[in-house]
């Protein structure tokens, strides 16, 4: 799906040249433009802008104008303009996140899009978990993720755009609706959702900024550890422990199963770093609840990914095959429900 | 009428071997993006090979257990639909040992096909 016509790249380069010129206040030359990853509807492009004798390494995040075909975007995902504002607020509050620079305008014709600074590092879990250059980083990442998350949760709500508030009950209702939209009955997910429903944590006093997809694979890291938290489109207001639970879901350990904190450390190590950096004291039972929730959530997302193909929104063997990964979370759920916390 | 050898599982595994051992290395050199897609495809072929071998018996066992658990006979899909309904309604939960034994056995059979290395 990374196939794009030369004319698309030319169009993007042309628009970027004039947008960069507007932002940097002088003529800008666009070099090395290349499409990185993502599906047809969510694109990431990498490029350099040379302006005023300076070279800026940049990233374009872009949702092309919809063609009227069934959208394959998640209904709960933020639009680009809101994501831009969340990133801006987080960066200003000292969260290790990419610095966003400017948005493109509707008349630019690229759809919803913004530009941010490119940051070094890789997001590929397999490399971070196994390759020699990251050996030192592997000992640091769990603690860093705790520290950074405390900063995310400390972002002033007044600095943020309007975000949906989603708490435990809303999430359960959302996942049940998602199950109803699938063609096959799912006894294990139903069991787990009823388990979660009966044990919902007490409502939170004050909803905080929740990243919503805080996990290995969604941050960049280099030899020194985490360099930037990415993928903010799931941001919402809610229970901050949601992010801690999601990070520990077994699927995000990528095989390093004995290291719950994203494959890099223990839960306690993560929580200690989080608390030390100003996060509220973590209640293990609450964290367990959110880890069980996250496991159901990922299992249902696997089915939804497959349905983007099966429903005809996109044609992708890769997405279709994700449907067969859902059972991994069923194995984990039966295990988790047996644990006494 | 029974088909001649190779069986579905044998043919799938021969295809997977060819794609893994001969096609993927070439793709990795020429077009890494397709090399990645090919790995996903080879992995899916391995799932299908296990499904062709183990799926029918697993489905039969699941059906037998469900008939016993729910006390009536219907298609596998209908029985699972009824079980899912009961679980959402809270008519059964994790304290029901017969239910849990059924789910454990069903998921063990499913993961043996989808990803036997998962732990």
What is the mean number of Cβ atoms from other protein chains located within 10 Å of the Cβ atom of each residue in peptide A:181-194, rounded to a whole number? 6
Compute the acute angle (0 to 90°) between the alpha-carbon long axis of helix B:97-114 and the principal axis of greatest extent of the alpha-carbon atoms of chain B; round to the nearest 10°. 10
Could you tell me the distance between the Cα centroids of segment B:1-21 and segment A:229-299, to the nearest Å? 43
Divide, for chain A, the radius of gyration over alpha carbons by 2.2 N^0.38 Å, where N is the residue count. 1.01
For chain A, longest principal axis from Cα atoms; helix A:80-92 axis from its Cα atoms; angle between them, nearest 10 degrees, is 80
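Averaging sequence separations of C-alpha pairs under 8 Å and six or more residues apart, then dividing by the length of chain A, give the relative contact order as a whole percent.
Once normalised by length, the contact order is 16 percent.
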Relative exposure of A:127, B:117, judged by other C-beta atoms within 10 Å (fewest first): B:117, A:127
Translational diffusion of segment B:8-114, µm² s⁻¹ [Kirkwood Rh, Cα pairs; Stokes-Einstein; 25 °C; 0.890 mPa s]: 151
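Fewest to most neighbouring Cβ within 10 Å: what's the order for A:248, A:302?
Working: A:248 24, A:302 21.
Lowest count first: A:302, A:248.
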Crossing angle, helix A:326-338 versus chain A [Cα axis fit, 0-90 degrees, rounded to tens]: 40
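For peptide B:21-34, what's the mean number of Cβ atoms from other chains within 10 Å of each residue's Cβ?
Per residue, the number of nearby Cβ atoms from other chains is 0 on average.
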In the protein assembly as shown, what percentage of the DSSP-assigned beta bridges are antiparallel, given to the nearest 5? 95
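Show that you can apply the helix-only estimate: for the protein assembly as shown, add -39,500 (n - 2.57) for every DSSP H stretch of four or more residues, divide by all residues, and state [θ] at 222 nm to the nearest 500.
Numbers: 17 runs with 233 residues, N = 460.
Taken over the protein assembly as shown, the calculation gives -16500 deg cm²/dmol.
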Residue A:318 to residue A:93: extension gain in nm, 0.36 nm per residue of separation minus the Cα-Cα distance? 77.3 nm
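Values quoted throughout were computed directly from the atomic coordinates according to the rules given, and no laboratory measurement underlies them. Keep in mind the model is a prediction, meaning the values are calculated, not measured. Reconstructed Cβ throughout: ideal geometry from the backbone, glycine too, with neighbour counts over all protein chains shown.
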